[in-house]
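Structure, as structure tokens:
Readers should treat all values here as calculations from the given coordinates under stated rules, not as data from a laboratory. Keep in mind it's a predicted model, so treat the numbers as computed, not measured. Positions of Cβ are backbone-derived with ideal geometry, glycine not excepted, and every protein chain shown enters the neighbour counts.
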């Protein structure tokens, strides 16, 4: 999203999700060092927090896809960052094969190629279509296992597949498209949506406009701090 088109409330939303992500990943590091159990990590409050964080990032990325100068550039940068995260995940023995960054990078490239067709869906139909497809494919991909190992990125896992962060194209591309619909509505009807001109606090908008870079540095910092405490105690 260009600076001229930045919407404070969107950056604030993204910033809120970012702070929650820092907390969630810190707690996950606690699990990695034996300070929390897997059952605690999978408790319903943390599961709901993880879903809110991921869905917020995907929706905000979809919104931004309608306002950016180049989805190709953003997509390639995000995929580059995702490659670094994947390498680091194997180093700490918590592999990420196709996590949220991998998804977002590829989704941006898909939108760059197919956005003109996505935008042809009637605006009154689009949100219901994307939500319905998201739910349907969520159910399908949760229940279906395949013997083809390379389809995990699309959403079809094979027996024994393990990834500590898994956001495949199906069903999440439809959540991204829902975000792009929201972005288009903002652009088309911004004059009739005065609340969008409100300003979110800077402590939310500042990180919210620098999400990718904070994403890259936060986990080495958190994990490193936990490792230091672990080795000194």
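For this structure, a couple of remarks:
- Fully extending the segment from residue 23 to residue 73 would add 15.1 nm, taking 0.36 nm per residue of separation and subtracting the current Cα-Cα distance.
- Normalised contact order of the chain, rounded percent, pairs of Cα under 8 Å and 6 or more residues apart: 34 percent
- GNM flexibility winner over the chain from 209, 192, 64 (Cα, springs under 10 Å): 192
- Given R0 = 35 Å, the distance between the Cβ atoms of residue 37 and residue 212 translates into a calculated FRET efficiency of 0.65.
- Here the simple spin-label model places points 7 Å from the Cα toward Cβ, and for residue 92 and residue 139 these points are separated by 3.6 nm.
- Cα-derived Rg to Rh of the stretch 1-151, Kirkwood definition: 0.98
- Order of 14, 157, 143 under a 10 Å beta carbon neighbour criterion, fewest first: 143, 157, 14
- Cα-Cα separations in the stretch 65-173 greater than 16 Å, expressed as whole percent: 65 percent
- In plain terms, the residue of 139, 53, 214 with the fewest other Cβ atoms within 10 Å comes first and the most crowded comes last, giving 139, 214, 53.
- The chain - mean residue ellipticity at 222 nm from DSSP helices (-39,500 (n - 2.57) per run, n ≥ 4, rounded to 500): -23000 deg cm²/dmol
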